[in-house]
């Protein structure tokens, strides 16, 4: 899950049912959301954490083939700060909540031997699993807001009715303060294997390669509670689906944009247009990473300045709000983003990140200058709450569709939180071979994890 200075990651805590091989049905993972807009009014430290998360995530730092689909219901934590879902690990399987992050590719959990940073967090006990293997390889990942370290292991991992045996992941026994918070125990990266710090093939990619899915896609729907005054710290967060799309949650066709050839690393597509209240502020085409593990939208300093220049009486933030802009809360701001030839609108409620004072608000677009191979733009939940998003393995591409009335109805208060469900007979695949040198973290992978614990930060 983590790009922009604290763009909050999407955590999913979902219930998943094992699909019937004879009649495969989609498995959805419900998401839960946390802290609302009112609760974080004037809380500049929260905004700073979001920004640090975003910067830390993206800025460089030193078997039998069965086809099915499954759904993992998500939890929305901290009023759109992050979304998490559930996985089950080991034999017998034990459920854990993890942030689901398309902006990174590693899976890690807090270990029962964790001696720092794991207080009150559910941890994985290796001794309780009969299929556990210690790979005796050190693992470390660093984020802008912290780091995690431990060792690589393998075991059976289940999610949304699917199971991968011998999945390589990390058990962390050292975690930076505030990186994890109950009930979240770790992070599941949903990016491509080419950026996996562990060198392991990600859970999702093993299933997609092995044709375990009915369709070679995974998809997200995220709820919105950012402007709901009585929202609880955790609300239903939407769903994550593996192996298909939920036609009840979107209308019309899914508009797919291909990932540039040979760039299957992040979920990266061309951003070809950007407007604010009808005025264009982007010329040409730039690469953008679609990141469920980030709360904000991060872009180059010049572009963000041009965007806010179209909002009367806006000004750069200072102190904890450095990199942000503030603008009059009375101003309704509508931003559109165009990918290829299709334009999508961000609701003004999502653009308004939080109140900085009684009259001035903080925008959810953050100034972020990335270097090296990092994309110029990181597009997080601020945008993704407005669309149904689909991540296709073959051909490699990202699709967006308009949300249906059924989806929008889930933004109402009073919904029940999902509970973790462990399938009794999951569709199973064996983990693939390692992708490269194990234990050598890459900048994005490290950041991804950071952002999760922080889904409250702007960018993971």
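The values are calculated or read from the model by the stated rules, or taken from the named source; none is laboratory data. Values in this document were obtained by computation on a predicted structure and should not be read as measured data. Glycine also receives a Cβ, built like all others from the backbone with ideal geometry; neighbour counts cover every protein chain displayed.
Quick check, is residue 164 crowded, with 24+ Cβ neighbours inside 10 Å and either more than 29 Å from residue 428 (Cβ to Cβ) or modelled with pLDDT of 95 or more (or both)? Criteria met by residue 164. Within the range 205-215, is even one residue under 16 Å from residue 86 (Cα atoms) and touching a strand residue (DSSP E or B) at 6+ places or on another chain (Cβ under 6 Å)? So far as the range 205-215 goes, no, none of its residues is under 16 Å from residue 86 (Cα atoms) and touching a strand residue (DSSP E or B) at 6+ places or on another chain (Cβ under 6 Å). Counting the residues of the range 401-441 that are assigned to a loop (DSSP other than H, G, I, E, B) and either modelled with pLDDT of 70 or more or within 21 Å of the chain's Cα centre (by Cα) (or both) gives 17. Scanning the range 359-371 for residues that are modelled with pLDDT of 95 or more and assigned to a loop (DSSP other than H, G, I, E, B) turns up 359, 364.
Every condition in (1) within 25 Å of residue 104 (Cβ to Cβ); (2) over 24 Å from the mean Cα position of the chain (by Cα) holds for residue 220 except the one numbered (2). Residues considered: 243, 210. Of these, the only one that is surrounded by fewer than 24 Cβ atoms within 10 Å (Cβ to Cβ), closer than 23 Å to residue 71 by Cβ, assigned by TED's automatic domain parsing to the domain that holds residue 161 and over 15 Å from the mean Cα position of the chain (by Cα) is 210. For the range 372-380, the criterion of being within 19 Å of residue 280 (Cβ to Cβ) and at pLDDT 95 or above is satisfied by at least one residue. It is to be established whether one or more residues within the range 176-183 are assigned to a strand (DSSP E or B) and in the same structural domain as residue 207 (by TED's automatic domain parsing). No, the range 176-183 contains no residue that is assigned to a strand (DSSP E or B) and in the same structural domain as residue 207 (by TED's automatic domain parsing). Report, by residue number, each residue of the range 55-78 that is outside any strand (DSSP E or B) and at pLDDT 75 or above. Once the filter is applied, which keeps residues that are outside any strand (DSSP E or B) and at pLDDT 75 or above, the range 55-78 yields only 69. When restricted to residues that are at pLDDT below 95 and under 18 Å from residue 190 (Cβ atoms), the range 246-263 contains 1.
Among the residues of the range 281-299, what is the count of those that are within 30 Å of residue 240 (Cα to Cα), out of contact with any helix residue (DSSP H, G or I) (no Cβ under 9 Å at 6 or more places or on another chain) and part of a loop (DSSP other than H, G, I, E, B)?
So the answer is 1.
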